[in-house]
Amino acid sequence: DVKVTQSSRYLVKRTGEKVFLECVQDMDHENMFWYRQDPGLGLRLIYFSYDVKMKEKGDIPEGYSVSREKKERFSLILESASTNQTSMYLCASSPSLPEGLEAFFGQGTRLTVV
Amino acid sequence: DQQVKQNSPSLSVQEGRISILNCDYTNSMFDYFLWYKKYPAEGPTFLISISSIKDKNEDGRFTVFLNKSAKHLSLHIVPSQPGDSAVYFCAASMNTGNQFYFGTGTSLTVIP
C-alpha cells in the first residue's frame, strides 16, 4: 500500500510565524504535490515537484515555498503565516508513466493561523 | 480559471437508489480522468479512473462515463449506501501525469 504521511494532523500557529509542513511518501514516487482545500474552492495546487530539487509553481504559490532535498520528502513552507492561510493542506504523490497516473494523498493537515 | 467544474455542490439520494455525480472540463488536452472520495478530516482516496480512449469504466458499484465531445464525465454509484456519503472530487490530467486539476467537489448524502 502506498503511504503518504503528513507530519501533523492539526496545527495552530500565530500570524507572522514561519511554518513547516512535512510530507513523506514510501513508494519511490517521482511526483509530489501540495494542495490546499477550502470550502467551495476544491483542491488548489500550490506547488509540485517531479524530481529531487525540482519544483514548479501551481495555481496559488504566493506566500509559500517548497523544498525537496530527498525523493521521499516534500516540505511546504509558509514564510510568514497569515490568517488567510488557514486551511486544510494536502500532500500527494504519484508515479511517473508508465507506472500509473493516480495521485495518492496524505491524511491532511488542518492549519489554523491566529 | 477553473478547468474542471462540478456544478452541483451537493446531492442527496435515498439508500439503494442511483447517485449520479457530474463533472465538466474545458481543456481538450486532458486525457485521463479520476474520481476521488473524501471524508471529513481525511485525505482524498482514489476511487476510479478512465482514459480518454474509453467511454466507460466500471468497478463494482462505481461506473464512470466519459463523453469527450461534450467534455463531460459522470460517476454513477449503484446502489448507493450510507457509507458513500462523502465529498467527491473529479480530477483531470494530461498524459504527463505530473499535474492534476481538481473540481470543487460534490457533497453526497445517502439517506438511510
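Name the residues in region B:33-51 that are over 30 Å from A:Ser7 (Cα atoms) and crowded, with 16+ Cβ neighbours inside 10 Å, would you?
B:Ile50
In region B:71-112, what residues are within 8 Å of chain A (Cβ to nearest Cβ), in a loop (DSSP other than H, G, I, E, B) and of a type in the set (Ser, Thr, Tyr)?
Answer for region B:71-112, where residues must be within 8 Å of chain A (Cβ to nearest Cβ), in a loop (DSSP other than H, G, I, E, B) and of a type in the set (Ser, Thr, Tyr): B:Thr96, B:Thr104.
Just to be sure before I move on: is A:Ser7 under 24 Å from B:Lys37 (Cα atoms), more than 10 Å from every other protein chain (Cβ to nearest Cβ) and hydroxyl-bearing (Ser, Thr, Tyr) in the structure I sent?
Values: under 24 Å from B:Lys37 (Cα atoms): yes; more than 10 Å from every other protein chain (Cβ to nearest Cβ): yes; hydroxyl-bearing (Ser, Thr, Tyr): yes.
Here the answer is yes, as A:Ser7 does meet what is asked.
Filter region A:77-108 down to residues that are free of Cβ contacts under 8 Å to residues at least 60 places away in the same chain, part of a loop (DSSP other than H, G, I, E, B) and not hydroxyl-bearing (Ser, Thr, Tyr) and give me whichever is most open to solvent (accessible area, probe 1.4 Å).
Here the residue is A:Glu99.
Scanning for something closer than 26 Å to A:Ser93 by Cα, under 13 Å from the mean Cα position of the chain (by Cα) and not in a strand (DSSP E or B), does region B:1-17 turn up at least one residue? Step through it out loud before you land on a result.
Filtering region B:1-17 down to residues closer than 26 Å to A:Ser93 by Cα leaves B:1-6.
Next, from what is left, pick out any that are under 13 Å from the mean Cα position of the chain (by Cα): B:4-6.
Narrowing further to those that are not in a strand (DSSP E or B): B:6.
The answer is yes; a qualifying residue exists.
Which strands (runs of 3 or more DSSP E) does region A:1-76 wholly contain that include 2 or more residues that are open to solvent by 80 Å² or more (accessible area, probe 1.4 Å)? Before you say what the answer is, go through the steps one by one.
Working: elements: A:4-6, A:10-13, A:19-25, A:31-38, A:42-49, A:64-70.
The qualifying strands (runs of 3 or more DSSP E) are A:10-13, A:64-70.
So which residues in region A:63-114 are more than 14 Å from every other protein chain (Cβ to nearest Cβ), in contact with a Phe, Trp or Tyr (Cβ under 7 Å, 6 or more places away or on another chain) and among the hydrophobic types (A, V, I, L, M, F, W, C), if there are any at all?
Selection gives A:Val66, A:Leu76, A:Ile77, A:Leu78.
May I ask you to list the residues in region B:36-70 that are hydrophobic (A, V, I, L, M, F, W, C), in a strand (DSSP E or B) and within 28 Å of A:Ser8 (Cβ to Cβ)?
Once the filter is applied, which keeps residues that are hydrophobic (A, V, I, L, M, F, W, C), in a strand (DSSP E or B) and within 28 Å of A:Ser8 (Cβ to Cβ), region B:36-70 yields B:Phe46, B:Leu47.
Can you give me the number of residues within region B:31-56 that are at the interface with another protein chain (Cβ under 9 Å from one of its Cβ atoms) and more than 23 Å from A:Arg110 (Cα to Cα)?
The qualifying residues number 4.
Quick one: B:Phe102 ticks every box in (1) more than 12 Å from the chain's Cα centre (by Cα); (2) surrounded by 14 or more Cβ atoms within 10 Å (Cβ to Cβ); (3) at pLDDT below 95 except a single one, so which number is it?
(1)
The values are calculated or read from the model by the stated rules, or taken from the named source; none is laboratory data. Source: prediction; values computed, not measured. Counting neighbours? That spans all protein chains shown, and the Cβs are built from the backbone with ideal geometry, glycine included. Keep in mind that these areas ignore ligands, DNA and RNA; they rest on the heavy atoms of the full protein, side chains included. Shrake-Rupley method; radii C 1.70, N 1.55, O 1.52, S 1.80 Å.
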